[in-house]
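Below you'll find the structure I mean.
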Amino acid sequence: MFKSLYSGVSGLSANLTNLDVIGNHIAISNSVGFKSGRVTFSEMLTQTIQPASRPVAGGLGGTNPQQVGLGTRVGSIDTNFNQGNFQTTGKKTDIAIQGSGFFMLSDGASRTYTRAGVFGLDSSSYLVSPSTGLKVQGVMADATGILPAGPMSDIYIDPGLVVPAAASTEVQLRGNLDAASDARPTIVRTASLLTMAQGTDLLVDMSGETGGQLDLDVGNQIALNGRDSAGNPLSTNTFEVTSDTTYQDLVDWLNGETAAASFSIDPSGALQMNNTSGGDMVGVSLAVDGKDVFGSNLTIGTVAAGTTAQSSGLRSYADAGDLLQNIYSADGAPLGVDFTDPTASFVLGGRINGEQVDTTTFTVDGTTTLGDLASEIQYALGAYSNPATINDEGQIEIIGEVGLASSIDEISVTEGGEVNGALTDAFSFLQIQQAEDQQNYTMATRVYDSLGIEHSVSFAFEKVPGENEWIWQAEMEGTEVLLSGGSGRIRFDSTGAISSFSFDDNVSALTFQPQAQGEGAENVVLDIDFGEIGALTGLTQFEGEGNLQAIADGYTSGNLVDFAIDQSGVITGIFSNDISMAIAQIGIAQFSNQEGLVREANNTYRLSGNSGQAMETFAGMGNGVTLAPGALETSNVDLAREFTNLVVAQRSFQANSRVISTADQIMQELVNLIR
């Protein structure tokens with residue numbers, strides 16, 4: 001009877017504890033970093049009414065024990081350390097932990113641990129928990145930003161922290177130096193000039209009196225057309241053109257094809273035919289399939305017996321020794337000048353770099369050659385460095401002086417006192433290459449001395465004409481004194497990569513004195529990083545402009561202006577000289593049994609005998625822990641589950657109350673038996 005009363009009482013007590021835990025969860029569900037708990041029950045005691053018995057061989061079997069439970073008790077209240085959700089705050093000192101770990105806090109005498117990363121700076125610039133004043137623990141970096149492996153201590157962010165100046169030690173040179181940077185002259189040419197063809201001229205280069213080039217190609221087959229007085233064809237064979245076939249070779253073949261006529265080359269360049277037969281020859285011509293200009297210029301027609309006839313005059317490329325009176329334009333037209341006139345002259349002029357040159361009158365006669373005219377044009381323009389030439393295609397080529405100041409804009413050749421369009425057209429010059437000045441390149445960068453004073457050093461590059469070599473020169477912008485290594489040479493190979501980099505004074509670095517006189521900073525020694533020999537990693541030389549850039553290390557002193565925290569907990573200072581350097585790193589504690597920690601106020605925990613000692617480490621050390629700056633971890637309380645547990649606990653409490661009231665009624669019935 002009394003057992004049921006006491007069992008009901010124990011049930012009430014245990015469920016009251018469960019209701020306390022659930023109520024605490026609901027009350028603190030919005031707390032940052034809070035971890036919910038779980039209540040479990042266990043049987044308190046049992047009373048054995050009858051023990052178990054073993055089976056008897058050949059007799060009765062065994063019996064089970066008869067026991068009565070004497071109530072329940074709270075078996076455990078466990079902490080649930082499941083990960084909570086993240087809430088973004090945007091505050092740089094708010095930090096959430098992803099993974100198993102705790103922030104370490106200290107009051108100067110002991111440490112507590114928390115998942116609530118609500119931190120800020122106090123008036124002394126310590127990183128603290130604002131609600132408790134407990135200081136966040138970690139390691140402080142040394143003056144160079146190196147994080148030591150020493151013990152954890154208070155994190156202090158000194159607002160007056162200064163990064164000392166660091167002298168520059170290296171300059172990197174990067175970019176492309178234009179391979180086409182040589183100063184260049186203007187190059188101009190006429191169209192091809194022609195003269196009367198001769199036997200030694202190549203058929204593939206010849207032109208006609210009309211229509212321009214004969215346009216013969218290697219492999220063309222030349223046929224001799226025409227019939228004799230008996231109506232027989234003059235030839236049934238063809239003559240194949242090769243790259244070295246001459247006009248005379250063709251004439252020799254023609255002479256071998258018919259005995260009734262002989263062929264020769266007229267001084268005018270025409271193909272001449274002498275009919276030695278007793279009858280007329282009709283329709284005489286040479287033809288090549290698809291070459292109409294050739295056919296029209298090599299047509300002789302009817303040649304009466306015992307007479308001579310010829311084709312149009314053929315032309316070939318002129319050379320310097322050909323007389324002007326025998327020169328024709330590219331279309332085969334004569335120059336239209338009377339070279340027998342003792343007053344005949346050419347007026348030579350033009351424009352150089354936009355300025356009209358003084359005209360030159362050049363007297364011509366029957367002995368004046370094309371080379372003479374080319375030289376006179378060259379002198380009229382003041383282009384003395386390179387002689388005028390007549391190339392293999394009969395073109396006059398004039399090469400001016402290098403540089404834009406000597407750029408040839410125009411050349412004019414006219415007949416003195418006459419309007420002669422044929423002459424002007426024949427000696428019309430086209431620009432083949434534009435004049436260019438020597439292209440020099442510079443790049444500059446800032447460097448710093450040991451006192452943090454800024455200096456500017458520039459590098460100038462000038463190409464050696466016609467070489468894959470450049471002369472470089474370093475210059476200081478102020479009163480600094482270059483002591484050594486201020487100039488040298490760079491050579492590139494045929495692939496555009498550096499093959500050598502040298503200093504004129506055979507040193508290995510550029511050295512300058514920061515101040516002209518008096519005491520000051522130490523001398524600055526700069527290694528020049530031009531790239532790797534044979535590779536395209538630094539300076540290169542290809543045609544085309546490149547983005548040249550000089551980059552130096554070193555910096556002036558700087559004051560702390562801000563800081564940031566990364567995922568590993570490193571607090572990086574941002575300084576006024578654009579340098580970033582580690583200030584500290586926030587520590588993390590992990591435990592072999594984090595459920596064994598003792599919960600304290602303000603969402604903190606302390607060690608217990610069953611938690612194990614704290615293993616001090618950092619986020620991102622292969623331990624599965626990362627930090628989320630600018631965010632907080634919310635409580636992992638599930639309100640839906642808690643309300644469900646609340647209903648279950650309530651019903652359990654009511655049921656235990658009913659057990660007590662029922663036992664009380666039964667006892668009342670026993671008392672009433674004696675009435």
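The values are calculated or read from the model by the stated rules, or taken from the named source; none is laboratory data. Owing to the predicted nature of the structure, the values given are computational and were not obtained by experimental measurement. All Cβ positions, even for glycine, are placed from backbone atoms using ideal geometry, and neighbour counts span all protein chains on display.
List pairs: first residue in the range 438-464 and outside the structural domain of A552 (by TED's automatic domain parsing) and closer than 19 Å to Q172 by Cα, second residue among the hydroxyl-bearing types (S, T, Y) and in a strand (DSSP E or B) anywhere in the structure, Cβ distance under 6 angstrom, at least six positions apart or on different chains.
No pair meets every condition.
Please return the ranges of strands (runs of 3 or more DSSP E) entirely within the range 1-76 where 3 or more residues are in contact (Cβ under 8 Å) with a residue 24 or more places away in the chain, more than 27 Å from I97 (Cα to Cα) and not assigned by TED's automatic domain parsing to the domain that holds S100.
Numbers: elements: 37-43, 46-50, 66-69.
Filter on the range 1-76 gives 37-43.
If S576 meets every condition in (1) small (G, A, S); (2) free of Cβ contacts under 8 Å to residues at least 40 places away in the same chain; (3) at positive phi apart from one, which number is that one?
(3)
Enumerate the pairs (first residue in the range 499-511 and over 23 Å from N468 (Cβ atoms); second residue anywhere and of a type in the set (D, E) and assigned to a strand (DSSP E or B)) with beta-carbon separation below 7 Å, excluding pairs fewer than 6 apart on the same chain, so at least 6 apart or on different chains.
A509/D527
Pull up the range 318-355, narrow it to residues that are without any contact (Cβ under 8 Å) to a residue 40 or more places away in the chain, assigned to a loop (DSSP other than H, G, I, E, B) and of a type in the set (D, E), then point me to the one that is farthest from D201 (Cα to Cα).
Here is the first cut: in the range 318-355, the residues without any contact (Cβ under 8 Å) to a residue 40 or more places away in the chain are 338-342, 355.
Right, trim to assigned to a loop (DSSP other than H, G, I, E, B) and you get 338-342.
Checking the rest, the ones that are also of a type in the set (D, E) come to 338, 341.
Values: D338: 27, D341: 31 Å.
If we take residues in the range 318-355 being without any contact (Cβ under 8 Å) to a residue 40 or more places away in the chain, assigned to a loop (DSSP other than H, G, I, E, B) and of a type in the set (D, E), then D341 is farthest from D201 (Cα to Cα).
Suppose the filter is more than 17 Å from Y328 (Cβ to Cβ) and not aliphatic (A, V, I, L, M); does T200 pass it? Walk me through it before giving the result.
Values: more than 17 Å from Y328 (Cβ to Cβ): yes; not aliphatic (A, V, I, L, M): yes.
Yes.
Could you count how many residues in the range 253-268 are surrounded by 14 or more Cβ atoms within 10 Å (Cβ to Cβ) and either not aromatic (F, W, Y) or not assigned by TED's automatic domain parsing to the domain that holds G219 (or both)? Step through it out loud before you land on a result.
Initial filter on the range 253-268 (surrounded by 14 or more Cβ atoms within 10 Å (Cβ to Cβ)): 253-254, 257-258, 260-266, 268.
The next check asks that each one be either not aromatic (F, W, Y) or not assigned by TED's automatic domain parsing to the domain that holds G219 (or both); those that pass are 254, 257-258, 260-262, 264-266, 268.
Total satisfying the criteria: 10.
Given the structure, is L639 aliphatic (A, V, I, L, M) and over 21 Å from Q98 (Cα atoms)?
Considered against the rule, which asks whether it is aliphatic (A, V, I, L, M) and over 21 Å from Q98 (Cα atoms), L639 comes out as yes.
While we're looking at this one, here's another question. Inside the range 316-325, can you point out the residues that are within 25 Å of V293 (Cα to Cα) and surrounded by fewer than 20 Cβ atoms within 10 Å (Cβ to Cβ)?
D319, Q325, listed by residue number.
Those residues that are within 15 Å of L177 (Cβ to Cβ) and either more than 24 Å from the chain's Cα centre (by Cα) or not assigned by TED's automatic domain parsing to the domain that holds E467 (or both), I need them from the range 479-501; list them, please.
G488, R489, I490, R491, S500, F501
Any idea which of (1) at pLDDT below 95; (2) buried (at least 18 other Cβ atoms within 10 Å of the Cβ) is the one I396 doesn't satisfy?
Of the numbered conditions (1) at pLDDT below 95; (2) buried (at least 18 other Cβ atoms within 10 Å of the Cβ), the odd one out for I396 is (1).
Please note which strands (runs of 3 or more DSSP E) are completely contained in the range 356-442 and include at least 3 residues that are within 30 Å of A179 (Cβ to Cβ) and not β-branched (V, I, T).
Numbers: elements: 360-363, 396-402, 408-415, 429-433.
Per the criteria, 396-402, 429-433.
Need pairs with beta-carbon distance below 9 Å; first residue within 20 Å of N602 (Cβ to Cβ) and within the range 132-161, second exposed (fewer than 11 other Cβ atoms within 10 Å of the Cβ); sequence gap 6+ or separate chains.
T132/A601; K135/G108; D154/G108
Could you check the range 642-675 and list, in sequence order, the residues that are over 19 Å from L5 (Cβ atoms) and surrounded by 10 or more Cβ atoms within 10 Å (Cβ to Cβ)?
E642, F643, T644, N645, L646, V647, V648, A649, Q650, R651
Could you please find all residues in the range 552-566 being over 19 Å from I155 (Cβ atoms) and either of a type in the set (F, W, Y) or not in a strand (DSSP E or B) (or both)? Talk me through it step by step, then tell me what you get.
Taking the range 552-566 first, the residues over 19 Å from I155 (Cβ atoms) are 552-559.
Selection gives D553, G554, Y555, T556, S557.
In the range 534-563, what residues are surrounded by 14 or more Cβ atoms within 10 Å (Cβ to Cβ) and either at positive phi or of a type in the set (A, V, I, L, M) (or both)?
Result: L536, L539, L548, A550, A552, G554, L560.
With the range 148-210 as the region, which strands (runs of 3 or more DSSP E) entirely inside it contain at least 1 residues that are farther than 25 Å from T389 by Cα? Spell out how you get there, then give the answer.
Values: elements: 170-178, 185-190, 194-196.
In the range 148-210, 170-178 are the strands (runs of 3 or more DSSP E) which contain 1 or more residues that are farther than 25 Å from T389 by Cα.
Condition check ((1) farther than 24 Å from K463 by Cα; (2) under 26 Å from the mean Cα position of the chain (by Cα); (3) not β-branched (V, I, T)) across all residues:
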{"site": "D178", "(1), (2), (3)": "no, yes, yes"}
{"site": "A183", "(1), (2), (3)": "no, no, yes"}
{"site": "T190", "(1), (2), (3)": "yes, no, no"}
{"site": "Q198", "(1), (2), (3)": "yes, no, yes"}
{"site": "D201", "(1), (2), (3)": "yes, no, yes"}
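Moving on. Among the residues of the range 307-317, which ones are in contact with a Gly (Cβ under 6 Å, 6 or more places away or on another chain) and not in a loop (DSSP other than H, G, I, E, B)?
Within the range 307-317, R315, Y317 meet the criteria.
Here's a follow-up. As an exercise: evaluate G99 against (1) at positive phi; (2) modelled with pLDDT of 85 or more; (3) not assigned by TED's automatic domain parsing to the domain that holds S592 and give the number of the one condition it does not meet.
(3)
Report yes if some residue within the range 640-651 is under 20 Å from K35 (Cα atoms), charged (D, E, K, R) and not assigned by TED's automatic domain parsing to the domain that holds L105; otherwise report no.
In the first step, residues of the range 640-651 are kept if they are under 20 Å from K35 (Cα atoms); the result is 640-646.
Those still in the list that are charged (D, E, K, R) too: 641-642.
Remaining after also requiring not assigned by TED's automatic domain parsing to the domain that holds L105: 641-642.
Yes, there is a match, as at least one residue in the range 640-651 is under 20 Å from K35 (Cα atoms), charged (D, E, K, R) and not assigned by TED's automatic domain parsing to the domain that holds L105.
Sticking with this structure for a sec: For Q137, state whether it is assigned to a strand (DSSP E or B), polar (S, T, N, Q) and closer than 21 Å to G587 by Cα.
Values: assigned to a strand (DSSP E or B): yes; polar (S, T, N, Q): yes; closer than 21 Å to G587 by Cα: yes.
So Q137 passes the test.
Mind checking whether some residue in the range 547-562 is out of contact with any Pro (no Cβ under 7 Å at 6 or more places or on another chain), closer than 30 Å to I97 by Cβ and not basic (K, R)?
Our first condition is that a residue be out of contact with any Pro (no Cβ under 7 Å at 6 or more places or on another chain); within the range 547-562, this holds for 547-556, 558-559, 561-562.
Now restrict to residues that are closer than 30 Å to I97 by Cβ: 561-562.
In the following step, the residues that additionally are not basic (K, R) were identified as 561-562.
Yes, some residue in the range 547-562 is out of contact with any Pro (no Cβ under 7 Å at 6 or more places or on another chain), closer than 30 Å to I97 by Cβ and not basic (K, R).
Now, a different point. Could you pull out the residue among G496, G486 that is on the phi > 0 side of the Ramachandran plot and in contact (Cβ under 8 Å) with a residue 24 or more places away in the chain? First the steps, then the outcome.
Details: G486 fails: on the phi > 0 side of the Ramachandran plot.
G496 is the lone residue from the list that is on the phi > 0 side of the Ramachandran plot and in contact (Cβ under 8 Å) with a residue 24 or more places away in the chain.
Looking only at the range 234-252, which residues are surrounded by fewer than 18 Cβ atoms within 10 Å (Cβ to Cβ) and among the hydrophobic types (A, V, I, L, M, F, W, C)?
Of everything in the range 234-252, just one residue is surrounded by fewer than 18 Cβ atoms within 10 Å (Cβ to Cβ) and among the hydrophobic types (A, V, I, L, M, F, W, C), namely V251.
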